Amino acid sequence: MALILPPDVADVLAQQHVMTLATQGRDGPWAAAVFYARDGDDLIFLSSPDSRHSRNLGQQPLCAATIQGDQADWRAIQGIQIEGIARETTDEEVPLARACYGKRFPFVQPGLAPDAITQALERVRWYRLTMKRLYFIDNLRGLGKRQQFDA
């Protein structure tokens, strides 16, 4: 089932580019910042398969993420907290994930990417975070104002 997100939540997802992904594995909890692109209610990201968060997701796909801008005034904070499941995409899904990501970040598109990025992209894996629950914190509407959206 899809999350039905109001425009202000969709705007925050569109305005920001980095999410902090929290995972759990044999070595305990871990958090990592990754660039993301939105594909409907899912977030696409890429990472080295050897990274700690990728290894953790291979063991336990349940994860959490946060997305927020950098605010000096607490009254202007708008942020997103996510509960979901992240998994590596299948070989068949990679072209769609890459196209979605490339639309958001043109510097990774074939023919546009510098050699170093092209070489790095050959070593990464693509992941899809499916949101199960999203909280939107919007201090513009009042301190601690929070809305919950469930899939």
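Rule-based calculations on the coordinates, nothing more; no lab input. Keep in mind it's a predicted model, so treat the numbers as computed, not measured. Using ideal geometry, Cβ is built from the backbone for each residue, glycine included, and neighbour counts are taken over all protein chains shown.
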message: Using each residue's phi in the range 26-34, evaluate 6.51 cos²θ - 1.76 cosθ + 1.60 at θ = phi - 60° and report the 3J(HN,Hα) Karplus result to the nearest Hz, with x for Gly and Pro.
response: 4, 8, x, x, 8, 10, 8, 8, 9
task: Give me the distance in nm between label points sitting 7 Å out from Cα along the Cα-to-Cβ direction at D27 and R87, one decimal.
output: 2.5
message: Let's test the formula: R0 of 35 Å, r as the Cβ-Cβ distance of D70 and A99. What FRET efficiency results, to the nearest 0.05?
response: 0.75
query: With charges only on Cβ, +1 for K and R and -1 for D and E, what is the dipole size of the chain about its Cα centre, in debye, rounded to 20?
result: 280
- prompt: Considering the zone a paramagnetic label at L143 would reach in this model (a point 7 Å from Cα along the Cα-to-Cβ line), which residues of the range 61-104 have amide N under 14 Å from it?
  reply: 74-77
- prompt: For I4 and A120, what does the FRET efficiency come to when R0 = 25 Å and r is the distance between their Cβ atoms, rounded to the nearest 0.05?
  reply: 0.10
field: Shape of the chain, Cα gyration tensor, a/c cut at 1.5
entry: prolate
